[in-house]
Each structure stands twice: as C-alpha cells, then as structure tokens.
Amino acid sequence: MKLKHLALVCAATFALSACGGGGEQAAPEQTAAPPAAKEKTLHVYNWSDYIAEDTLDNFQKETGIKVVYDVFDSNEVLEAKLVAGSTGYDVVVPSLSFLGRQIQAGVFQPLDKARLKNYGNLDEELLQRIATTDPDNAHAIPYLWGTTGIGYNVAKVKEALGDDVEIDSWDIVFKPENIAKLHACGVAVLDTPQEMIPTALNYLGEDPNSFDEAVIEKGVALLESIRPHITYFHSSQYINDLANGDICLAVGWSGDVLQAAGRAEEAENGVEVGYVIPKEGAAMWFDMLAMPKDAKNVDEAYQFLDYLMRPEVMAGIQNYVAYASGNKAAMPMVDEEIRTDPGVYPTEEAKAKLFTFKVVPPDVDRIYSRSWTRLKTGQ
Ligand code: SPD
C-alpha cells in the first residue's frame, strides 16, 4: 500500500500531531490579520495519525481559523479529561462505546444539524446504527472507523513460524507456543483493556461484551498466558516499529498497520507489513466527532465539523490514513487502493464475524482496569 508521503511528512513536519505522540500543533500562521482583529482559534483533540497532512492548513487558509491540535492514543486518556471538565477543547474524537457513557455523564452539547450543511453526505445506515448509542445522533458525527486485528512483518513471521504458516487466525497471538516464537523479533499489544479483553473472549468463543466477572477472568487468564511473550503495551508506537522492522507482530488498528506498511514501502527498507482480520472475528469500532459542553469556540467548531464532512476533505483524510469513513459522498473520491482493500473495508464474509463494543458500566470498567494493571505489572 502506497500512502501519500507518509514517512517523509511525518518525520519532517507534523511529528507531534498528525503522526503520533502527544503535544500541541498549530497550523502555520496566516498573513497578518488587521491589528484590531482577534485571531479566531479552534482547539481540537484527536487520535494520533488520524488526519491528512494538509487538512488543518487548508481549513485555516479558507476560514482564517487557527487550529490548535493535540493528539492522544487512548480513549481512557480522553475520557479522564472529559470527566474532569474544562478540557479547553472544542472538538474531541471518542470512540462510540466510550461516547455512550460520556453522553450519559453530560459532557457533550447537542449538535445543531441546521449548522451542518454537509450532514447529508453521511451514510444513513451507519447513522442509524450509531443512533442506538446516541439517540437521534444528537451529540456526535461519525469520523472514521476501523477494526482491531493483527499487523505483521511478513518475512519475520514466516521465518519464526515456518514458510507455510497461514496468517489468518488469532492462534498466532493467543497460542503460547506460537507467540513464544515471535517474542525474539518483538510483539506489541494495544494498551487498552476495553479492546484486548473482549478480543481474547471472542477468540475463546465467549461473548466479547460479557459483563460477568467470571467470564472476563477467562479472557484475562488467556492474556496472562501470553504475557511473557509480549514485548510492550502501547497504542501508537507500533506503527513506526512495524515499519522499521523493530517488531514483527502487533495487535493493532487497521489503518495504523496500513500506515506502517506505507511507511515501510516509502522508506524502501525491504520490510513488508501485512494486516489481517482473523477468521475468528475481530472488533469493529467507530470514532466520533463531538463538542464538549463547555467548548469556547462553538462557531469555529461547527465550521470545522462541516468542513470535515465535505466529500473531498474526507476522501483526502482517508487516502492519507487508510481508515474507512461514514461519508458516503466521499467514497467515489477515495483511492481505489483504499476502497478495495479488505483491511479497510472488510469483505462481507469478514463483516459477518465482526463485533462491536458495548458501553461498559463503571463496575465492569473497574474490573477491566484492575485486571489490566495486574496483567501489565504482574501485581
Ligand atoms: N491512529 C488512529 C487510531 C484510531 C483508533 N481508534 C480507536 C478505536 C478504539 N476502539
């Protein structure tokens, strides 16, 4: 997969924003505004590696609004800020399963759709699905969606497991005899209990969304059985590590693995990265654009949300980050390579096996967090 200029641009310009890592990033300054005019700004908090290299610049050129852009790689981190309040952000991007309880906690303002003239570009079927969590789609707009599967270094996995290995099953990750052979070349796992425990349960044939502590414990036990072979837990570092050949396997997010493949191809370093949705099924999730209740720059936020829903803007983002979107009108402008990649838009057969995350109640969340700390620290 050849994604546009990923490696070079990431290294050179947007190291702290569009390409990962925490931090604050402003689009370049416009030509001087009249002395008395106050500069319009917008504060956005998005996932790392989740926007095109030119989206913010183009928005600023057209509107004069300077975007202060911070990034995160964990729903848990975003949620902690939202719940504490006064985030200073005008637009944030939680995943749907977190958004559900954040709406209940009252952290978002309802959206005035009359101010979003591009809203009609969104896929009605997807909106209806989302409405089961956000009734009437009152608080959020779908941004991008993806799956949680396996990213791998083709040559290194074959070297470790044999040339005829079929890389199509979670067996590679969850059978200790397999993962033990990959430990030497490096194994990364997403640092989130809310994804990894359901993924383990799904592999065991259990309900991935079970809230029964005894069932959750089975998933945790499976993860504990492979714990010695996991090199690290992190939710964005694996992109560069896969691209550079520093790890050979990552349980990661579809577009991020495909970006790793693009970076390796662009670097011409001989690393080939693959992504698979295992045959036992995988998680499918939706990331949503929402406005905190106390957003200060509401007009600017509406302009930004509407801008993102333009077909050409969304297609540009998708072509850059290799994720699927809920923008139907953008689809014809999405590169064929992305549109037809089953890692981005899963086949019907794969779709039938995908599961989504339920909104997790606080008591289950506490079980997840405790188990996760135990898994990671051994205590
Ligand atoms: N680099 C962008 C990754 C976006 C991942 N969204 C996470 C969804 C989790 N359920």
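Counting only residues that are in a loop (DSSP other than H, G, I, E, B), within 24 Å of residue 356 (Cα to Cα) and either charged (D, E, K, R) or at pLDDT below 95 (or both), the range 106-134 holds 2 of them. For residue 275, the conditions (1) closer than 15 Å to residue 322 by Cα; (2) within 16 Å of the ligand (Cβ to nearest atom); (3) open to solvent by less than 20 Å² (accessible area, probe 1.4 Å) are fulfilled apart from (3). Give the residues of the range 232-250 that are under 16 Å from residue 182 (Cβ atoms) and more than 12 Å from the ligand (Cβ to nearest atom), sorted by residue number. Matches in the range 232-250: 232, 233, 241, 242, 245, 246, 247, 248, 249, 250. With respect to residue 178, determine if the residue is more than 20 Å from residue 284 (Cβ to Cβ), in the same structural domain as residue 254 (by TED's automatic domain parsing) and under 23 Å from the mean Cα position of the chain (by Cα). No. Evaluate the following for residue 239: is it within 19 Å of the chain's Cα centre (by Cα) and in the same structural domain as residue 119 (by TED's automatic domain parsing)? Considered against the rule, which asks whether it is within 19 Å of the chain's Cα centre (by Cα) and in the same structural domain as residue 119 (by TED's automatic domain parsing), residue 239 comes out as no.
Among the residues of the range 77-105, the ones that are buried (at least 20 other Cβ atoms within 10 Å of the Cβ), in a loop (DSSP other than H, G, I, E, B) and of a type in the set (A, V, I, L, M) come to 1 in all.
With respect to the conditions (1) crowded, with 18+ Cβ neighbours inside 10 Å; (2) under 30 Å from residue 204 (Cα atoms); (3) free of Cβ contacts under 8 Å to residues at least 40 places away in the same chain, residue 350 falls short on a single one, namely (3). Scanning the range 57-76 for residues being open to solvent by 10 Å² or more (accessible area, probe 1.4 Å) and away from the ligand (no atom under 16 Å from the Cβ) gives a total of 8. Only residues in the range 130-149 that are without any contact (Cβ under 8 Å) to a residue 60 or more places away in the chain count as the first member; pair them with residues that are among the acidic types (Asp, Glu) and away from the ligand (no atom under 12 Å from the Cβ), Cβ under 9 angstrom, at least 6 apart or cross-chain, and list the lot. Sorted first by the residue in the range 130-149, then by its partner, the list stays empty.
When the range 339-372 is filtered for residues that are aliphatic (A, V, I, L, M) and part of a loop (DSSP other than H, G, I, E, B), the ones remaining, listed by number, are 344, 352, 354, 359, 360. Being open to solvent by 20 Å² or more (accessible area, probe 1.4 Å) and either within 14 Å of the ligand (Cβ to nearest atom) or farther than 27 Å from residue 49 by Cα (or both) is a condition met by no residue of the range 261-269. If you go through the range 136-151 and pick out every residue that is more than 16 Å from residue 315 (Cα to Cα) and of a type in the set (Ser, Thr, Tyr), you end up with 2.
Rundown of residues vs (1) in contact (Cβ under 8 Å) with a residue 12 or more places away in the chain; (2) away from the ligand (no atom under 16 Å from the Cβ), yes/no style:
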| site | (1), (2) |
| --- | --- |
| 164 | no, yes |
| 168 | yes, yes |
| 194 | yes, no |
| 202 | yes, no |
| 207 | no, yes |
| 214 | no, yes |
| 217 | yes, yes |
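Of the residues that make up the range 107-122, is at least one among the acidic types (Asp, Glu), within 16 Å of the ligand (Cβ to nearest atom) and open to solvent by 30 Å² or more (accessible area, probe 1.4 Å)? For the range 107-122, residues among the acidic types (Asp, Glu), within 16 Å of the ligand (Cβ to nearest atom) and open to solvent by 30 Å² or more (accessible area, probe 1.4 Å): absent. When residue 288 is tested against (1) outside any helix (DSSP H, G or I); (2) surrounded by fewer than 23 Cβ atoms within 10 Å (Cβ to Cβ), just one condition goes unmet, and that condition is (2). Scanning the range 230-253 for residues that are open to solvent by 10 Å² or more (accessible area, probe 1.4 Å), farther than 18 Å from residue 47 by Cβ and part of a strand (DSSP E or B) yields a single hit, 232. The selection criterion, being in contact (Cβ under 8 Å) with a residue 40 or more places away in the chain and out of contact with any Gly (no Cβ under 7 Å at 6 or more places or on another chain), does not hold for residue 184.
The values are calculated or read from the model by the stated rules, or taken from the named source; none is laboratory data. Remember, predicted model here, so these are calculated numbers, not experimental data. So basically every Cβ, Gly included, is an ideal-geometry build from the backbone, and we count neighbours across all protein chains shown. Just so you know, the surface numbers come from the protein's heavy atoms only, side chains and all, with ligands and any DNA or RNA stripped out. Shrake-Rupley method; radii C 1.70, N 1.55, O 1.52, S 1.80 Å.
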